[in-house]
Structure formats: C-alpha cells, structure tokens
Amino acid sequence: MPQGAAMNALDALVQPDRVHRSIYTDADVFNAEMSKVFGGAWVYLAHESQVPDPNDFLASRMGLRPLIITRDSDGGLHALFNRCAHRASIVCQAECGSARRFQCSYHGWTYSNRGDLVNVPYPEGYPADFHKAGHGLAQVPRLGTYRGLIFGTLNLDAPSLAEWLGPAGPLIDGFVDRSPSGRIAVRNCQRMIYRGNWKLAWDNAGDGLHPTFAHRSFVILNERQHGGARSLSQFKASPDDTGMYGADLGNGHMFVDQRPGLHQSFWETQRPVPGREWYAAQIEQACGDDAADVLEVAPGSMINLSIFPNLLIKGNHFETVDPVSVAETRLHTWMVAAEGAPDEVNVLRMRIAEDFPSLGNPDDLELFERCQEGLAIAEVEWVDMSKGLGHDAEEVSADGVVRAPVTYEGPMRGYLRAWLELMSSDVKLTTAAAGEVTCEVAA
C-alpha cells in the first residue's frame, strides 16, 4: 500500500485475523491518531497526588500536545496547553512545582494558573480591540477523575468518563484498594524510549504468550540467583494450563490476570530485591501478627490493566505510553506509593517497581524495535493476530467482557476494533478558555 493511502482504506486495515503494517508505519495514520485517538478519547493525564496542593503544577502530554496540569488557588484542576497565545512558545519549562503564574520567556506574556492572561509587557501599540480576556492559555475542555486518576478529552461528545472506563473501573478499584487507606500516590518515574510505534507497546500489554520467550533470560537469571518458585516461573509451562486469562474490556481496554497461576501469596512469590530482608524484619517487628497482611501491599498484584490509549497499570506501578512520532515512543514507569502503609512498605514497593521494568522492559523495547524494523518491509503487508479465533474457549460476561486463555490474541483484536471505531469517526475537537472547563468525578 503506497505511503499515505492507508487513511483512505481504514476499514481494510483491521481485519478479523490480521492488521495491515501501515497502521504502525504510515505518518498520515499517526497524525490522525493524534487527533482522533489522543484527542477524541479520554486520555490519562496525571494523578491528583502529583498536584496535591493549591498552585501545584505538573508537565504532561496529550499525544503531541504539551500540557501543564495545574491546581489553582481554590483547588480547581486545569489542563492548560503549554503554548503561549502570542507566538506559540512553550511557556513552562519545569516538570513540576508550585506557581501562581507562568511567564513566557520569549516576550514576557504572563498567565495565571487558571490560564488567564494577566500581563502583557509594553501594551502600547496593540489594536484597540485587543483584550487580555481573549488571549489566555487554551485548555482541555473536559476533565474527569476516577480514584485520583485525571483524564481529559477534547471531544465534547465523548461518553462520560465512567462510561468510557466501563468494566475497567472496578479493576482500578482493586488496584487502589490494596492500599490500607484506599488511596495511592504517584511518585517519580523511570523513562525509556524506543524506536517504534506506540501501538507495539499496546499489543504487548495484552499479550500473555511473549513472557515465555521474551523474558526467558530474566527468568533464568532469577532462578540462578535465588532458586525456587518466583513470579514469572509459571511461564515455564503452557500459560494456558495455569488458569491465567486475558480479557477484552471494551473501548480498547485490556486485562491480563496472572493471579490464577500463583499458588502462594504475592509476598512469598516476590523475587528478592535490595533491602527486602531488612525491611521485612522491621515490618514484622512493628506489626506482629499483622505483618503478613502488611507485606502483601508491597509486591506487584500480578495484573496488567491497560486503559486505552495510554495508561498501563502493571504489578504495583503505572506506565504511560507517550507517542513522539510514527516510529518513536517514550515509556514512563511511575512509582506508586500506598498511602497509609509504613514507610518500609513503600520503599519495598519502589524497589520492586524498579525490578522488572529495569530488567524486563528492555527485553520488550528491543523487540518493539525489531518489529518496527520488520514492518518496514513493504512487500510483506500483514501482521497476524489470529490466535484464539475459531475456538470455543471465550467467555462473555453480562457486562460484555470477553475472557479467554491468556495466550489468545482476543484482547488485541478488541482494542484494534476500538481503535478503528475512533479512527473512522467524525470527531469534532475543541479547546476551552479559563472558566469554560467541566470536570466530572466518576468515582
């Protein structure tokens, strides 16, 4: 298919058993995604714990759009486009902090953290009808929160956030409610970049077959160092024999549940990490008979929950998928603390969150780059996603969740159907000015 022709044949690109290479390689497809998917859908922007106090701010992105997530002096949330209304320069260079105002370093235009233009240097010479009220920072018109997670969309006709999340909502609840307080806090992140399309990470997130092969060296290293049963060792057998499953949750969301493959507690399954014994001893001394329950908060929860299009909840941490170009993607791994848990537990959570992402994610990223290189072969057009088709192993629940053995590719086919629906839609995107934003609380 010639470069650029893909957008004229979208329906033909996603077939029941395969997808066309151009959805990963065509620049026109990518540009449309940045509008229709990363503008028309609900996109994860930040967590409320990252802007906990009035006047806090955080840099974020919505596809290719740089944002400043702010909490104003009254506690209201805003997602400001990080683009001066004068000559389009980035206004805020900092990643996070506290500020009542943001001044553009190019010509000094200054904005409040609500997005209002509050000062223009040397105002003489502007037209008589120039008004500061019409030159504030544009912002995301619809925000929504769910259990502290902040989402935004530029689509006024998008469903409510609660509808968008659907069956993924209770799974988010399960992740958050592992914290003794029912609250989590998102901390610093580890950043990686790969030379490949963002959807390669999404394919991988719903793929229960690849750990057997992609992470073989990780498993072998663990067994050599520590021996015994450790997480991921269940993949030595056929994953489908363990009871693990994958699920298509609708709207592009996916779920991989590894818990049925475990025969021990999370803590007993957890691989050793630096300081494990010392911190565990401190917790056992402080908590006595409750120590086992407290320690269960530290390890990963053995789930992969993918909230389309850019949030992965994996183990005990978050990952965000940040497209840069059609063949370049940033992957951020965010440490997540359990509020109300002892400090020792949260240190262990951080050590554990550094474990697999530091050793396992590079396996995945290397393979994403190999896939992107293979996708460059124009004469071989199709990517196979047929595993599970024609079998009777799928179960459909009352809420529409489609569940199947973990190595089946149904979740990937499901997200691509949602992708195609968004890409084929006539979505109308808009921005808002200060005072025009709506913020809904889904839970």
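Rule-based calculations on the coordinates, nothing more; no lab input. All of these numbers come straight from a predicted model, not from anything done at the bench. Because the Cβ atoms are built from the backbone with ideal geometry, glycine has one as well, and the counts that use them run over all protein chains shown.
The table below lists the values:
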quantity: Residues with amide H under 5 Å from that of VAL118, placed H, sequence gap 5 or more; calculated: THR110, TYR111, SER112
quantity: Cα shape, the chain, gyration tensor, a/c 1.5 rule; calculated: oblate
quantity: Separation of the GLU440 and ASP129 label points, Cα + 7 Å toward Cβ, nm; calculated: 3.6 nm
quantity: Residues of segment 23-62 with amide N under 13 Å of the 7 Å Cα→Cβ point at GLU381; calculated: 23
quantity: Eligible lysines near LYS36 by straight Cα distance, threshold 21 Å, same-chain separation 8 or greater; calculated: LYS199, LYS428
quantity: Cα centroid separation, segment 78-130 to segment 366-443 (Å); calculated: 37 Å
quantity: Theoretical gain in end-to-end length, ASN55 to SER160 [0.36 nm per residue, Cα-Cα removed]; calculated: 35.1 nm
quantity: Full-stretch length increase - GLU394, ALA286 - with 0.36 nm per residue and alpha-carbon distance subtracted; calculated: 34.2 nm
quantity: Mean ellipticity per residue at 222 nm, deg cm²/dmol - from DSSP H runs of n ≥ 4 across the chain, formula -39500 (n - 2.57); calculated: -7500 deg cm²/dmol
quantity: Residue with peak Gaussian network fluctuation, the chain [Cα springs, cutoff 10 Å], from VAL120, VAL29, VAL186; calculated: VAL120
quantity: Theoretical FRET efficiency, 1/(1+(r/R0)^6), r = Cβ-Cβ of ASN119 and LEU64, R0 35 Å, to 0.05; calculated: 0.75
quantity: Given charges at Cβ of Lys, Arg, Asp, Glu: the chain dipole, positive-most of VAL294, THR70, TYR146; calculated: THR70
quantity: Length-normalised contact order of segment 326-443 in % [C-alpha pairs under 8 Å, at least 6 apart]; calculated: 13 percent
quantity: Cα gyration tensor shape for segment 104-164, rounded if a/c is under 1.5, else prolate or oblate; calculated: prolate
quantity: Helix axis angle, 343-359 relative to the chain longest principal axis, alpha carbon, degrees; calculated: 80 degrees
quantity: Paramagnetic label zone (point 7 Å from Cα along Cα-to-C-beta, ARG87; backbone N under 16 Å) in segment 105-136; calculated: 105-110, 120-123, 126
quantity: Farthest toward positive dipole pole in the chain [+1 Lys/Arg, -1 Asp/Glu at C-beta], among TYR279, SER35, LEU165; calculated: SER35
quantity: Which of ALA404, VAL345, GLY374, positive extreme of dipole for segment 257-405 (C-beta unit charges); calculated: VAL345
quantity: Anisotropy class of segment 367-443 from Cα gyration tensor, a/c 1.5 cut; calculated: oblate
quantity: Under-5 Å amide H pairs with GLU381, H placed in peptide plane, nonlocal only; calculated: none
quantity: Cβ-placed point charges (K, R +1; D, E -1), dipole of the chain about Cα centre in debye, nearest 20; calculated: 1060 debye
quantity: Inter-probe distance in nm under a simple model that places probes 7 Å from Cα toward Cβ, at ASP11 and ARG183; calculated: 5.1 nm
